1. Kindly establish whether residue 82 is modelled with pLDDT of 95 or more and among the basic types (Lys, Arg).
2. Hey, residue 34 hits all of (1) more than 21 Å from residue 146 (Cβ to Cβ); (2) not in a strand (DSSP E or B); (3) not hydroxyl-bearing (Ser, Thr, Tyr) but one; which does it fall short on?
3. Kindly evaluate residue 342 against the criterion of being at pLDDT below 95, surrounded by 13 or more Cβ atoms within 10 Å (Cβ to Cβ) and over 21 Å from residue 57 (Cα atoms).
4. Between residues in the stretch 299-315 that are without any contact (Cβ under 8 Å) to a residue 24 or more places away in the chain and residues that are assigned to a loop (DSSP other than H, G, I, E, B) and β-branched (Val, Ile, Thr), which pairs lie under 6 Å by C-beta distance while being six or more apart or on different chains?
5. Tell me the strands (runs of 3 or more DSSP E) entirely within the stretch 212-256 that contain at least 2 residues that are touching a Gly at 6+ places or on another chain (Cβ under 6 Å), in contact (Cβ under 8 Å) with a residue 60 or more places away in the chain and of a type in the set (Gly, Ala, Ser).
6. Can you report the number of residues in the stretch 68-91 which are of a type in the set (D, E, K, R) and in a strand (DSSP E or B)?
7. Is it true that residue 156 is out of contact with any Cys (no Cβ under 7 Å at 6 or more places or on another chain), assigned to a loop (DSSP other than H, G, I, E, B) and either more than 15 Å from residue 84 (Cα to Cα) or at pLDDT below 95 (or both)?
8. Criterion first (farther than 21 Å from residue 45 by Cβ and either assigned to a strand (DSSP E or B) or touching a helix residue (DSSP H, G or I) at 6+ places or on another chain (Cβ under 7 Å) (or both)) does residue 316 satisfy it?
Amino acid sequence: MTTKQKNIVILSITGVVLILLLILVIFSGRIPLNDDTAAGNTPGNLNNGGYFCETDGKVYFANAYDNYALYSMNPDETDLTRLNDNSVSYINAGGDYLYYAMSSSSNGSGLGFIRRTSGIYRSKLNGRGVVCLDRCHIVTMQLCGNYLYYEKYDNTDAVSLDKIRIDKKEKQTLAAERINPNCFVNGLIYYPGTEKDHYLHVLDTSSDTTNVIWQGDVWDPVYQDGYVYYMDVANNYRLCRYSTDDDVVEILTNDRIDMFNVYGNYIYYQVSSQDAPALKRMLIDGSSQELVREGVYQNINITSQYVYFNAFGETVPVYKTSTFGPVNVTAFDAGMQAALEYME
């Protein structure tokens, strides 16, 4: 083989290697797409801050005992692992990735200057490979198939609904108004009007078109099995459900409520009362109402095994009770212990 032939062979091999490396880089950076109807978290959890998210046998949560740092655990509260140290909320999961609103504070120069970074972030399920998708102030967000729909606000445009693809492409503003994307089911976002009415609207994510499907007085809708559960704004925020099939409203309780969450056959809800505030639960048809704990609570997040919540105005302790079993309120000691072990 002549020197010229050898050089041609070497150059050819080098070219093939470079092409293979380029293909490897391209494909290693690709984000596998989700099913178009995949939702990142339950509407009820996201309406309550999105601090817990369960998927594929794992619970990802913002640990209030550790400044809301991102952790993972099994649903039975074993194998707790700290994933990163930034404060997170509105946790969503899809495929091999987590998506969440994140904020972190650090000391800057000057007299007590604080630099704060907020935005939507993506990471692998182990917390690594964190990527900022949009640096902004988040009101709430939901993973809808391959897009994140999110309400954000700034000092210029106030609140708007934006969306961005999970690979950080196709970012756009959809509406210069409040449209809560939390209730995403089968390609549709159910949301209450806020500008001119509180009617029940839907946004079709295949076309990003909207329309009114019912002229009710709705707040924080949660769709499940043909019913929309909601707070009735016109009637002192009582809890009702509306059948989308039969066009019928059922009153579940006449108590004024502050927030609620629906999971399986149960609704957990906070009764607003000067004399007897309490966290309660009932079956989804309004029957079997029972007390969970007296007092004022918030951030009702539900997994397959536990309901988590905390007292209004207090970060900790975080309380829990069995989702489907008998009521037995205890502290979320596993979260506290994991935080203490990390700090040691």
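The values are calculated or read from the model by the stated rules, or taken from the named source; none is laboratory data. Only a predicted model underlies this, so the values are computations on that prediction, with no experimental measurement involved. Ideal geometry is used to build each Cβ from the backbone, glycine not excepted, and the neighbour counts take in all protein chains shown.
1. Numbers: modelled with pLDDT of 95 or more: yes; among the basic types (Lys, Arg): yes.
When the stated conditions are applied, residue 82 passes them.
2. (1)
3. On the way: at pLDDT below 95: yes; surrounded by 13 or more Cβ atoms within 10 Å (Cβ to Cβ): yes; over 21 Å from residue 57 (Cα atoms): yes.
Yes.
4. Sorted first by the residue in the stretch 299-315, then by its partner, the pairs are 312/296.
5. Counting at least 2 such residues, we get no strands (runs of 3 or more DSSP E) at all.
6. We begin by selecting, within the stretch 68-91, every residue of a type in the set (D, E, K, R); these are 76-77, 79, 82, 85.
This time we only want the ones that are in a strand (DSSP E or B), so: 82, 85.
The total comes to 2.
7. Values: out of contact with any Cys (no Cβ under 7 Å at 6 or more places or on another chain): yes; assigned to a loop (DSSP other than H, G, I, E, B): yes; either more than 15 Å from residue 84 (Cα to Cα) or at pLDDT below 95 (or both): yes.
Here the answer is yes, as residue 156 does meet what is asked.
8. Values: farther than 21 Å from residue 45 by Cβ: no; either assigned to a strand (DSSP E or B) or touching a helix residue (DSSP H, G or I) at 6+ places or on another chain (Cβ under 7 Å) (or both): yes.
Spelling it out, it is not the case that residue 316 is farther than 21 Å from residue 45 by Cβ and either assigned to a strand (DSSP E or B) or touching a helix residue (DSSP H, G or I) at 6+ places or on another chain (Cβ under 7 Å) (or both).
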